[in-house]
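Read through the structure below, which is laid out as structure tokens, and then see the notes.
No lab work stands behind these numbers, since they all come straight from the coordinates. Predicted, not measured: the structure shown is a model, and the values here were computed from it. Every residue, glycine among them, receives a Cβ derived from its backbone with ideal geometry; neighbour counts consider all protein chains shown.
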Amino acid sequence: MITLAVLAGGQGRRMGGPKDRLLIDGRPVLEVLLERLAWPGRTMLVVAFGEAMPEGRRGFDVLARDAVPEQGPLRGVLTALLGAGGESVVAVPVDMPGLRRKHVEWVAKRLNEQPGAAGVMLRRPDGIEPFPCAFRPVAAAMIERRIESGQRAIHALAEEAGVLVVDAPRQWGAEVWRNVNEPHDLPSGWTRPGDLQSKRDAGN
């Protein structure tokens, strides 16, 4: 079985705060994300070095924290692999509202079909898509080496000989790849923790 790792690290500077604090219809984003993905195996939450624990974390089987700050999602994938107890990992970020279980399972299946691959990444017509991606434990050393050499772009993992790059299904559509990086990116029902109170205050 493959562990599902949700990467919730990062300060969310453009969003105005950490993305793992976002709300969906008033509920913690992590709580809703777990329900949407309904992963049949073990689940792991990866949080950033030094960050406070987010709401919604209690639904995860494993909690892992980055050992080093400010190294981006590549560090998050490494943290997930080191904390997965020898299992392979399929990684997703907290900020892709269009992802569903079928998309994540599709990537995990590609890894299972290729026992010689260290990992699987997706390719879209406009380039490599970092998430979702899946890696075996053997990829940890490769990722650690890249981080130590200053190569922290996660999409560049596709250059590694052991990483299989496959074309993403065209029928998935653009919504699957949507990221929320700034307040104006938030889908309907998504809010930042202070937004509702700000609206109430403005109405008084």
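Please state the charge dipole magnitude for the chain, taken about the Cα centre, from unit charges on C-beta atoms (+1 on K and R, -1 on D and E), reported in debye and rounded to the nearest 20.
220
Under 5 Å between amide H atoms, partner at least 5 residues away or on a different chain: which partners does ARG42 have, H built in plane at 1.01 Å?
The list, which skips near neighbours in sequence, is LEU4.
Given the chain, what percent of its DSSP beta bridges are antiparallel, to the nearest 5?
Approximately 40 percent, going by the DSSP bridge assignments.
Long-range amide H contacts for ARG178: which residues qualify at under 5 Å (H placed 1.01 Å from N, peptide plane, sequence gap of 5 or more or a different chain)?
When sequence neighbours closer than 5 places are left aside, the close amide H contacts are GLY98.
List LYS109, LYS102, LYS19 from most exposed to least, where exposure is judged by having the fewest other Cβ atoms within 10 Å.
Ascending number of Cβ neighbours within 10 Å: LYS102, LYS109, LYS19.
Under the rule of at least 5 residues apart or a separate chain, name every residue whose amide H is placed under 5 Å from the amide H of GLU87.
Long-range HN contacts for GLU87: none found.
Run the numbers on region 1-133 and let me know its relative contact order in percent, using alpha-carbon pairs under 8 Å that are six or more apart.
Averaging sequence separation for qualifying contacts and normalising by length gives 27 percent for region 1-133.
Which residue, GLN171, GLY98, PHE49, has the largest displacement toward the positive end of the dipole of region 3-189 when charges sit on each Cβ (Lys, Arg +1; Asp, Glu -1)?
So the residue furthest toward the plus end is GLN171.
Could you please rank HIS103, HIS155, HIS184, placing first whichever residue has the fewest other Cβ atoms within 10 Å of its Cβ?
The order, fewest Cβ neighbours first, is HIS184, HIS155, HIS103.
Output ³J(HN,Hα) for region 80-94: one whole-Hz value per residue in order, computed from phi by the Karplus curve 6.51 cos²θ - 1.76 cosθ + 1.60 with θ = phi - 60°, and x for Gly and Pro.
Taking θ as phi minus 60°, the curve returns 4, 5, 5, x, 8, x, x, 7, 6, 10, 10, 10, 9, x, 7 Hz for region 80-94.
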